[in-house]
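Written below as structure tokens is the structure these notes are about.
Quick note: the coordinates plus some simple rules give every number you see, no bench work behind them. Because the structure is a prediction, the values reported are computed rather than measured. Cβ placement follows ideal geometry from the backbone for every residue including glycine, while neighbour counts extend to all protein chains displayed.
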Amino acid sequence: MKKILVAYDSKTGRTEKMARLIVQGFQEAGHHVVDLHISQIAVASDIHGYDAYIFGCPTYFEQPTEQMKQFLIMARSDALKGKPGGSFGSYTHHGLGAQMVHDTMERIYQMDMLFTGPFRVKDLIIDADMAGQACRDYANGISRQLN
Ligand SMILES: Cc1cc2nc3c(=O)[nH]c(=O)nc-3n(C[C@H](O)[C@H](O)[C@H](O)COP(=O)(O)O)c2cc1C
């Protein structure tokens, strides 16, 4: 059993919904998961000690949210270097927010990213309640790489 952190930002609830579904997937795979909105994380040491880190962020104006950018500046730490990581997020047409989170985790945090890019789901799919299987599959894919 691994200890996994899912930390996300979400303005209108879609990326939060993805986070809940991904958490379910990790729980079904037998892992201990903590999910936090990034506003609940005050200092970098708040997120030390996990076996894997999954960060979620939607795209606004082709970027991650301002709060996620501030979080990524604050949370950078050698404690995360080399740790397994993943990113996800909801979007409408580009999804560059989750991509930039992925790139920051890989290139700045120097984490071991478990997929070559982020896991993104279009807003319409989430609104139609059709994202459940894909989110659980994502968690299962990560779980297989962690075991
Ligand atoms: C003002 C505004 C700007 C947006 N800009 C983008 C964008 O640049 N690229 C994109 O793919 N989606 C964009 N979106 C769509 C959001 O990413 C999408 O609604 C997403 O599901 C929101 O996630 P959240 O509910 O977790 O905040 C934008 C939405 C709004 C309201």
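Could you name the aspartates and glutamates whose alpha carbon sits less than 16 Å from that of LYS2, not counting residues in the same chain fewer than 8 places away?
Within the straight-line cut-off, LYS2 pairs with GLU28, ASP35, ASP51, ASP112.
Out of the range 53-137, which chymotrypsin sites (Phe, Trp or Tyr not before Pro) are coil in DSSP terms and have no more than 15 other C-beta atoms within 10 Å?
Filter output for the range 53-137: PHE61, PHE115.
When a footprinting reagent is the concern and you count Cβ atoms within 10 Å, what order do ASP112, ASP9 take, fewest first?
ASP112, ASP9
Run through the range 48-145 and list the trypsin sites (Lys or Arg not before Pro) located in a DSSP loop whose Cβ has at most 12 other Cβ atoms within 10 Å.
LYS81
Give, rounded to the nearest 20 debye, the magnitude of the charge dipole that the chain has about its Cα centre when Lys and Arg contribute +1 at Cβ and Asp and Glu contribute -1 at Cβ. If you can, show how the numbers build up before the last one.
Numbers: 15 positive and 16 negative charges, 35 e Å.
Using only the charged Cβ atoms, the result is roughly 160 debye.
Using θ = phi - 60° and the Karplus relation 6.51 cos²θ - 1.76 cosθ + 1.60, list the HN-Hα couplings for the range 32-44 in order, rounded to whole Hz, with x at every Gly or Pro.
Going residue by residue, I get 8, 10, 10, 10, 9, 5, 4, 5, 8, 10, 9, 9, 4 Hz, with x marking Gly and Pro.
Using a 10 Å cut-off around each Cβ, can you sort VAL43, VAL34 from fewest to most neighbouring Cβ atoms?
VAL43, VAL34
Between the range 1-62 and the range 88-138, what's the alpha-carbon centroid distance in Å?
12
Report, in deg cm²/dmol and to the nearest 500, the calculated mean residue ellipticity at 222 nm for the chain, where each DSSP H run with n ≥ 4 adds -39500 (n - 2.57) and the sum is divided by the residue count.
After summing the helix terms and dividing by residue count, I get -11000 deg cm²/dmol.
What length, rounded to one decimal in nm, is gained on full extension from ASP46 through to ASP103, with 0.36 nm per residue of separation minus their alpha-carbon distance?
Working it through step by step, the gained length comes to 18.3 nm.
Pick out, from GLY13, HIS37, ILE47, the residue whose Cα sits farthest towards the positive end of the charge dipole of the range 3-146, with +1 on the Cβ of Lys and Arg and -1 on the Cβ of Asp and Glu.
Checked the options; the winner is ILE47.
Given the chain, what percent of its DSSP beta bridges are antiparallel, to the nearest 5? Kindly include the intermediate steps, with their values, before the conclusion.
Values: 1 of 22 bridges.
Bridges in the chain are about 5 percent antiparallel.
Which number comes out as Rg/Rh for the range 1-113 once both Rg and the Kirkwood Rh are worked out on C-alpha atoms?
Ratio of gyration radius to Kirkwood radius: 0.93.
Among the lysines, select those whose C-alpha is under 23 Å from the C-alpha of LYS3, and discard any that sit fewer than 8 residues away in the same chain.
Leaving aside lysines fewer than 8 places away in the same chain, those within reach of LYS3 are LYS17, LYS81, LYS83.
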